[in-house]
Amino acid sequence: MTATLTDDLLDIYNALFAAFGHQHWWPAKTPFETMVGAILAQNVSWTNAAQAVANLDGAGMLDPHVLSAADTPDIARLIVPSRFYNRKAERIREFAGVYVTEFQADPAVMTAVETGALRERLLALRGFGKETVDTILLYACTKPVFVVDAYTRRAFSRYGLLPQKASYDRMQRLFSDNLDPDVELFNDYHAQIVHLGKTVCRKSPLCDRCPVRAVRGTLACAGARA
């Protein structure tokens, strides 16, 4: 670990926490609901994904055995708010089948799999990218895997800690190489970045409201010039 980077990253998190409070992610009743929510949240706001989750729950279909045996159109009609609902319905049904057959529909069985091996298995599923898989690993399986996204790239490139076109792996290494593997920290840190990106570090940033501006007196945000 690089001491300066570690200090900067922790100072940024502490500034976000002080400004926004704990974000209490991922909002779900069960690990399986989190897994389904991660699929539904692809390319859409959480508000829309949450409505789709609620529709599945209300129809009695938020169950891996039910979903794995369901017809794709029956799933799709319930998840219309999540956009790309036909494609996502297929992904949910296929994932539910794997969850039942390979993991006995038991989050403890899934969590017991070594992190790297589980990540590779999930990445092999059709339509599962790194952000979706890492969300499942962190929020459903409580694995210390840092989730990054477009909000991370935008904010941390403006802070001068990432290139503007940093890849997913490059962004993830910034955190995993410089922070101790801490599930609780990784959980809330990612949520803080998402909140920052939605409310302050927008495409047209509100830099005067950014709680990170004064961190260590050295991270001058380039947002106003980006």
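Return the residue satisfying two criteria in turn: it lies in region 1-29 and is of a type in the set (Val, Ile, Thr) and out of contact with any helix residue (DSSP H, G or I) (no Cβ under 8 Å at 6 or more places or on another chain), and of such residues it is modelled with the highest pLDDT.
It comes out as THR6.
Could you tell me whether region 156-166 includes any residue that is hydroxyl-bearing (Ser, Thr, Tyr), crowded, with 18+ Cβ neighbours inside 10 Å and either closer than 23 Å to ASP11 by Cβ or modelled with pLDDT under 95 (or both)?
yes
Only one of ARG202, ARG153 is of a type outside the set (Phe, Trp, Tyr) and in contact with a helix residue (DSSP H, G or I) (Cβ under 7 Å, 6 or more places away or on another chain); which?
ARG153
Those residues that are aliphatic (A, V, I, L, M) and within 22 Å of the chain's Cα centre (by Cα), I need them from region 199-219; list them, please.
Matches in region 199-219: VAL200, VAL212.
Anything in region 1-36 that is hydroxyl-bearing (Ser, Thr, Tyr) and under 17 Å from the mean Cα position of the chain (by Cα)? List them, or say none.
TYR13, THR30, THR34
Of the residues that sit in region 181-198 and are more than 14 Å from ALA150 (Cα to Cα) and either in contact (Cβ under 8 Å) with a residue 12 or more places away in the chain or surrounded by 12 or more Cβ atoms within 10 Å (Cβ to Cβ) (or both), which one is nearest to the chain's Cα centre (by Cα)?
Checking each candidate, the answer is ASN187.
Taking the stated definitions as given, is ARG121 surrounded by fewer than 18 Cβ atoms within 10 Å (Cβ to Cβ), among the charged types (D, E, K, R) and either over 14 Å from the mean Cα position of the chain (by Cα) or modelled with pLDDT of 95 or more (or both)?
yes
Considering every residue within region 24-31, establish whether at least one is polar (S, T, N, Q) and either surrounded by fewer than 17 Cβ atoms within 10 Å (Cβ to Cβ) or in contact with a Phe, Trp or Tyr (Cβ under 8 Å, 6 or more places away or on another chain) (or both).
The answer is yes, given that some residue of region 24-31 is polar (S, T, N, Q) and either surrounded by fewer than 17 Cβ atoms within 10 Å (Cβ to Cβ) or in contact with a Phe, Trp or Tyr (Cβ under 8 Å, 6 or more places away or on another chain) (or both).
Being of a type in the set (Lys, Arg), under 22 Å from CYS210 (Cα atoms), touching a Gly at 6+ places or on another chain (Cβ under 7 Å) and not assigned by TED's automatic domain parsing to the domain that holds GLU114, is that true of even one residue in region 136-153?
No, region 136-153 contains no residue that is of a type in the set (Lys, Arg), under 22 Å from CYS210 (Cα atoms), touching a Gly at 6+ places or on another chain (Cβ under 7 Å) and not assigned by TED's automatic domain parsing to the domain that holds GLU114.
The values are calculated or read from the model by the stated rules, or taken from the named source; none is laboratory data. Owing to the predicted nature of the structure, the values given are computational and were not obtained by experimental measurement. In this analysis, Cβ positions are derived from the backbone assuming ideal geometry, glycine residues included, and neighbour counts consider all displayed protein chains.
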